[in-house]
Amino acid sequence: MEISILEWIGYAASLMIAISISMSSIVKFRILNLIGAVIFSLYGFLIGALPVGFMNLYIAFVDLYFLIQIFKTKEAFETLEVRPNDLYLTRYLQFNDKEIQRFFPGFKYNPELNDLSFFVLRDAQVAGLFLAHREEDNILRVRLDYVGPKYRDFKNGRYIYTRLHKYFTAHGITKVLAHAGSKNHLSYLKKLGFEEKADGLCTKTLGKI
């Protein structure tokens, strides 16, 4: 039995809604839910189901409203530098180990390699963790740049590599090295201005910020 175009529209809308509710990021959820609601609204109007059309149109406007609020809101970013053997740092790594391994396969914490350790705070909430060490006087190698699921919108990365530019250069750092442990992490690094080299190694010259 052939499936009509209207049925395909309905399936597409359902699929988009289903994907949206699986997102841990509120931004991704709102965007995908908005798209799904718009398609569902169109589907409802096309088949003459006005309640379905108007209800999903309302949902689309709600998603759009909250997205505008999210992007308009100015969050307060801060860094909280911690010692390599800090107890909360250790507990944070243990608690998020499964997620960390997704983006940094094989990562093992070695306090002796931490020349720079800090939490990134957004509105006083811990959004991520940054660990790095110096390979040479002017080179910083990133060991971990982890961002919690709720905050994966690239704002953390932009804050670290743009707003902290002066902090890095004040300590004589001119180049940052990072190893992409996954496709998602590689995409993240490229969006932050890193250049991909051999074997997943990515580099960023701070003077290019």
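Data for the structure
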item: Residue pairs meeting the criteria (Cβ under 6 Å; at least 6 apart or on separate chains; first in the same structural domain as residue 125 (by TED's automatic domain parsing), in segment 83-96; second not β-branched (Val, Ile, Thr)); result: 84/111; 84/114; 84/117; 85/111; 93/109
item: Cβ pairs under 6 Å, 6+ apart, first in segment 14-32 and farther than 19 Å from residue 57 by Cβ, second not aromatic (Phe, Trp, Tyr); result: 19/32; 24/149; 25/152; 27/153
item: Whichever residue in segment 176-188 is out of contact with any strand residue (DSSP E or B) (no Cβ under 9 Å at 6 or more places or on another chain) and not in a loop (DSSP other than H, G, I, E, B) and, among such residues, is surrounded by the fewest Cβ atoms within 10 Å (Cβ to Cβ); result: 183
item: Options 152, 102, 141, 122: the member that is touching a Leu at 6+ places or on another chain (Cβ under 7 Å) and in contact (Cβ under 8 Å) with a residue 12 or more places away in the chain; result: 141
item: Residue selected from segment 1-12 under the condition without any contact (Cβ under 8 Å) to a residue 40 or more places away in the chain and among the aliphatic types (A, V, I, L, M), by the criterion farthest from residue 99 (Cα to Cα); result: 1
item: Complete set of residues in segment 132-175 that are in contact with a Ser or Thr (Cβ under 8 Å, 6 or more places away or on another chain), surrounded by 16 or more Cβ atoms within 10 Å (Cβ to Cβ) and of a type in the set (Lys, Arg); result: 152, 175
item: Any pair with Cβ under 8 angstrom, 6 or more apart, that starts in segment 161-173 at a residue that is in the same structural domain as residue 115 (by TED's automatic domain parsing) and ends at one that is surrounded by 13 or more Cβ atoms within 10 Å (Cβ to Cβ) and of a type in the set (D, E, K, R); result: 161/204; 173/134
item: Test: residue in segment 72-84 that is closer than 24 Å to residue 156 by Cα, out of contact with any helix residue (DSSP H, G or I) (no Cβ under 7 Å at 6 or more places or on another chain) and of a type in the set (A, V, I, L, M, F, W, C); result: yes
item: Index of the failed condition, residue 158 passing every other in (1) under 17 Å from the mean Cα position of the chain (by Cα); (2) part of a strand (DSSP E or B); result: (2)
item: Selection count, segment 164-175, where residues are out of contact with any Leu (no Cβ under 8 Å at 6 or more places or on another chain) and either more than 12 Å from residue 140 (Cβ to Cβ) or assigned to a strand (DSSP E or B) (or both); result: 2
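Listed here are the residues, each with its yes/no results for (1) buried (at least 17 other Cβ atoms within 10 Å of the Cβ); (2) hydroxyl-bearing (Ser, Thr, Tyr); (3) within 17 Å of the chain's Cα centre (by Cα).
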| position | (1), (2), (3) |
| --- | --- |
| 88 | no, yes, no |
| 97 | no, no, yes |
| 100 | yes, no, yes |
| 104 | yes, no, yes |
| 111 | no, no, no |
| 115 | no, no, no |
| 123 | no, no, yes |
| 130 | yes, no, yes |
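The values are calculated or read from the model by the stated rules, or taken from the named source; none is laboratory data. It should be emphasised that the depicted structure is a prediction, and the values quoted were computed from it without experimental measurement. Cβ atoms come from the backbone with ideal geometry, glycine included; neighbour counts cover every protein chain shown.
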